[in-house]
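Structure record follows, encoded as structure tokens.
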Amino acid sequence: MQLSRDISDTWLLAEVNASAGDESPHERTPRRIHFVYLTEAPSEFPLIYYIAVKSAIQQNADYEITLHCNEPPVGRYWSLLEGTVTLRLVPMPDKIFGRPVTRVEHRADILRLEILLEFGGIYLDLDTICLKPFGRFLHEKAVMGYENDVGLCNAVIVAPRNSEFLLTWYAGYVRFHNDQWNEFSVKLPLAIAKARPDLVDLAAKDVFFEPDYGPESLRRLFDEVGHFPNAHIFHLWNHVSKAHIAKISARDIFSRDSTYNLAARNVISAQRGLLLGDNPLEPLAAETAVLKTTFTNIYENSAWGKGSGNGSAPTATVEYRSFLENFISMNRVRSVIDIGCGDWQSSRYISFGDASYLGFDLVENLVTGNTAQFGGPHVEFRIMPNDPLQLPQAELLIMKDVLQHFSDEMILFYRDQIFPKYKYCLITNSFKAINYAHNVDIKSGMFRSLDLLVPPYNFRGSYVTESWNQWERIRTLLIANLV
């Protein structure tokens, strides 16, 4: 549907009624997320906007993300997003049904409705941060949330294409005037929802807009650490929280705990060094050195019993080895790299078929011994590079019992920087272990069990095989980066 902002009221109402029947009323909201960025002149894309977009990508990995703007964004934070977001240039609305629109905020209000009517999906303000996926809101009708008792806040709108609720809302702009702030953007959608509750689902306030914009709520968001278990996003309420937002920097996020900073830290932890202006590999190199010392001592002192321990014994890896062989064969995998190959006590029994194998480990004696005992024309072993970004390309990356010993920061670095380079990744870890912590941060070299599909990790993928031993459940996660 093409909307015109310069038409008569009579024509509009006829178009609304006709358009409402263009699509099946049972069509679900598409997996598309839209942001609007309007500016009077090219300007630096702010850090909080970068975090907003990146959090949406992380929480909704299979969604199409579009930034609709009148001027292309610039700056270091935008450069970190290029290639992951679709950029769509749009004219800035300056009138609606012949009525002038002077405030940039009102222009953005209009544009978001037109975008959702044309494409459907999820609209998010750039002063939000996503905490959970949006899948539960992809209904047959629109979804909005309460802004206190004032109305419905349009910082989050979920709607299918040509939503009747949005069409009715847009039609209300025939009465638009500039001498108001939120009459059409907040109060009008609530009035429509009360008149036509069949057109919209209203989320509880604590789902989208808690904390709110009251002074005490803003302190809970920016200065204190609060607990908001039902929140799917935090909204920063940019127009009333400028003093708080002015204090936010990458260094502040990593050095000071607050509700927002902790959420933002989870989003950008893998880019810590880059964002702080430090050597981006320096923290990683320090943790890698700790891991190398830790695992060299483990193997030299037989701390886990024989070599890599009972979890790597042939009897403990039957299901895993069978699945891996079948996966390589069925997907015609031609090259494999193995990060943390260990002493190969069970890998020696895996048939890699026609695929070449390259195993990496931090422990030099393991690499030397494996090369002497198992190396061949299609099997090679190397010392793990200090910079994981220098790992060679392959069709399949496997990591078994490795991430469970990494800090959260290292896990998120691999999630964002390493795993996307490979067509397939099979990541195996302890999923639940008796008498050990679960999904908590650790110092690299320690141990805890992991569920990589839930916060704070939020991996994209699915578990494909599971096994048990006497003290833990082990799962393998498949990540498929297929174009």
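The values are calculated or read from the model by the stated rules, or taken from the named source; none is laboratory data. Given the structure is predicted, the values throughout are model-derived calculations rather than measurements. Virtual Cβ from ideal backbone geometry, glycine too; neighbours counted across all protein chains shown.
Counted as qualifying within the range 156-262 are the helices (runs of 4 or more DSSP H) with 1 or more residues that are over 30 Å from the mean Cα position of the chain (by Cα), namely 164-171, 188-195. Those strands (runs of 3 or more DSSP E) of the range 111-150 in which 1 or more residues are under 19 Å from V200 (Cβ atoms) and charged (D, E, K, R) occupy 142-147.
Selection over the range 423-454 of residues that are part of a loop (DSSP other than H, G, I, E, B), in contact (Cβ under 8 Å) with a residue 60 or more places away in the chain and touching a helix residue (DSSP H, G or I) at 6+ places or on another chain (Cβ under 7 Å) gives a count of 2.
Just one residue in the set Q393, Q373 is part of a loop (DSSP other than H, G, I, E, B), of a type outside the set (K, R) and either at pLDDT 95 or above or in the same structural domain as L358 (by TED's automatic domain parsing) (or both); that residue is Q393. The set of residues in the range 17-40 that are assigned to a loop (DSSP other than H, G, I, E, B), of a type in the set (S, T, Y) and either on the phi > 0 side of the Ramachandran plot or modelled with pLDDT under 50 (or both) contains only S24. Looking only at the range 455-483, which residues are part of a strand (DSSP E or B), surrounded by 13 or more Cβ atoms within 10 Å (Cβ to Cβ) and of a type in the set (S, T, Y)? Correct list: Y463, T465, S467, T476.
Just to be sure, is L366 assigned to a helix (DSSP H, G or I) and surrounded by 18 or more Cβ atoms within 10 Å (Cβ to Cβ)? Here the answer is yes, as L366 does meet what is asked.
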